[in-house]
Ligand code: GMT
């Protein structure tokens, strides 16, 4: 496979699209490709120096006339500059806007400078809320459509997201599904007595949830499920992440009188030790294009109780890797979580099945799909 120069633009913030973009870039660099990251701040999973990785921080211009800083334009200029001097083959935009749009602008900026018809090929990966939330907004629809149609290639992280995109936007090009992935050499279950001691939890069962606490995550449902659970079994709820719904969740926890059983741990990057002590992951999202946190939990042997929504049914088989219930079915989710917590043999079978299932989404396999995808774009006229 030829070595490529690949630009990756992504959100640096705590969330699945930034995580996937960064892990992809790191894996590509590991395979000998040169990777240039573009974002507003260092992506949260970027980590330490690697010789094939370059990070370009996009600095927005502040000027009294500009009410809000123009990140889209600053990113476009940065992409154009780096793409020209570093001779990027591909720019991979993660999340339709603003990333694909900025790349599209950069291509136009370079039109007169490049000898070839196009300086670089633009691949865009749709991650979820760029379509289901932002794309559903009437004021944003046309700009999202433009970003999709101007990309040389578009991928989506699940069949569900592909279908939604086709239904909503009728894109001109075929959308390729390349699912989320997990590195099982890093995400695996290992004994973690120390972390139990630090958390002050002894032998009780651990329920975990990891997200950016946005409304789609239904954090309130997690608290209600856990409250119902806690009436019947001793357990601790670990909430990892932060976001707009956190205050309301904390209020609910106080109202239910379960403050001593719920831990708000904030944004953490190293989640493997916590997943290693967890018994069930709760993901009651009302929309979830894939659900990377669920896949990472499964790699650590944690069965998932989630919703029969979005991309979950594509990798979680109910009864084998956990359970899928209708969004908002608090009673059903409580019952299934209790089943996993109380039947140890069933939990063991599910836990092992989760580990096996996660291996089908191994980073190496999916990174290879992206490499082939880039090559296909480069071979196209
Ligand atoms: O809301 C999040 O989980 C973050 C969001 C993002 O854009 O960073 O995640 C989306 O992309 C992830 C990676 O492809 C998917 O695993 C998540 O399911 C998706 N989130 C939603 O669809 C709500």
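The values are calculated or read from the model by the stated rules, or taken from the named source; none is laboratory data. Just so we're clear, the structure is a prediction, and the values are computed from it rather than from any experiment. Cβ atoms come from the backbone with ideal geometry, glycine included; neighbour counts cover every protein chain shown.
Among the residues of segment 225-241, those that are assigned to a strand (DSSP E or B) and over 11 Å from residue 338 (Cα atoms) comprise 236, 237, 238, 239, 240, 241.
Against the test of being without any contact (Cβ under 8 Å) to a residue 24 or more places away in the chain and either crowded, with 24+ Cβ neighbours inside 10 Å or out of contact with any strand residue (DSSP E or B) (no Cβ under 8 Å at 6 or more places or on another chain) (or both), the options 331, 335 yield a single qualifying residue, 335. Of all residues in segment 20-51, which are assigned to a loop (DSSP other than H, G, I, E, B) and in contact (Cβ under 8 Å) with a residue 24 or more places away in the chain? Of everything in segment 20-51, those that are assigned to a loop (DSSP other than H, G, I, E, B) and in contact (Cβ under 8 Å) with a residue 24 or more places away in the chain turn out to be 31, 32, 33, 40, 41, 42, 43, 44, 45, 46, 50. I'm checking my understanding of the structure. Among residues of segment 306-324 that are at positive phi and either assigned by TED's automatic domain parsing to the domain that holds residue 162 or assigned to a loop (DSSP other than H, G, I, E, B) (or both), which one is farthest from the ligand (Cβ to nearest atom)? So, considering only residues that are at positive phi and either assigned by TED's automatic domain parsing to the domain that holds residue 162 or assigned to a loop (DSSP other than H, G, I, E, B) (or both), the one farthest from the ligand (Cβ to nearest atom) is 319. Among the residues of segment 128-143, the ones that are away from the ligand (no atom under 11 Å from the Cβ) and in contact with a strand residue (DSSP E or B) (Cβ under 9 Å, 6 or more places away or on another chain) come to 1 in all. Looking at segment 5-19, which of the residues that are part of a loop (DSSP other than H, G, I, E, B), in contact (Cβ under 8 Å) with a residue 60 or more places away in the chain and crowded, with 19+ Cβ neighbours inside 10 Å is nearest to the ligand (Cβ to nearest atom)? By that ranking, first place goes to 15. The residue of segment 125-140 that is modelled with the highest pLDDT, among those that are over 11 Å from the mean Cα position of the chain (by Cα) and under 14 Å from residue 10 (Cβ atoms), is 125. Residues in segment 172-212 that are in a loop (DSSP other than H, G, I, E, B), under 23 Å from the mean Cα position of the chain (by Cα) and more than 16 Å from the ligand (Cβ to nearest atom): 174, 184, 185, 186, 188, 189.
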